[in-house]
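Read the structure below first, then the notes.
The values are calculated or read from the model by the stated rules, or taken from the named source; none is laboratory data. Small disclaimer: the values here were computed from a predicted structure and weren't measured. Quick reminder, even Gly has a Cβ in these numbers, built from the backbone with ideal geometry, and neighbours come from all protein chains shown.
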Amino acid sequence: MPANDNNLSSSNNGPLLHPATEYKPGLVLMDEEAELKRKLNLFGHDVGTIPCFRNSFLYGITGGIGSGIVHFAVSSRLPSATKFGFWSYVGITFSYWCYCRYEFTMTKFRYSQLTFAMKQNALKDGTDESFRSELQDEKKS
């Protein structure tokens with residue numbers, strides 16, 4: 001039997017593969033982490049970085065589907081239930097988006113106030129104006 005049979009092996013002494021499944025050095029298959037890190041861009045912004053985007057749409061979708069199914073179960077009219085489900089989706093998504101963004105903004109504002117107060121306290125630490133000296137004065141009273 002010949003040492004190098006073209007039907008049984010390739011030039012790198014491995015098994016002969018179909019050209020579509022042949023090993024290509026530059027080809028890297030996506031694993032689960034890389035697949036999760038894919039970005040969905042909407043109007044030039046990655047939707048994963050937009051606060052409240054995901055939750056707003058998930059709550060809107062589930063609320064719209066649920067309300068549409070309940071409306072259909074009660075009325076048995078499909079066009080009316082579809083419209084009701086769609087407008088419920090729009091209303092829930094918009095309402096939760098506004099609520100979530102308000103809470104996000106207020107939390108961000110509170111953190112900025114806290115950061116400023118901590119920096120001011122660090123500057124005044126050890127003086128009569130520091131927060132610790134105020135607490136000690138209150139305890140003495």
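When restricted to residues that are over 12 Å from GLY68 (Cβ atoms), aromatic (Phe, Trp, Tyr) and crowded, with 18+ Cβ neighbours inside 10 Å, region 81-96 contains 1. On the given criteria, is GLY85 modelled with pLDDT of 90 or more, small (Gly, Ala, Ser) and touching a helix residue (DSSP H, G or I) at 6+ places or on another chain (Cβ under 7 Å)? Answer is yes for this residue. If you check THR115 against the conditions, is it modelled with pLDDT of 95 or more and in a helix (DSSP H, G or I)? Against the criterion (modelled with pLDDT of 95 or more and in a helix (DSSP H, G or I)), THR115 does not qualify.
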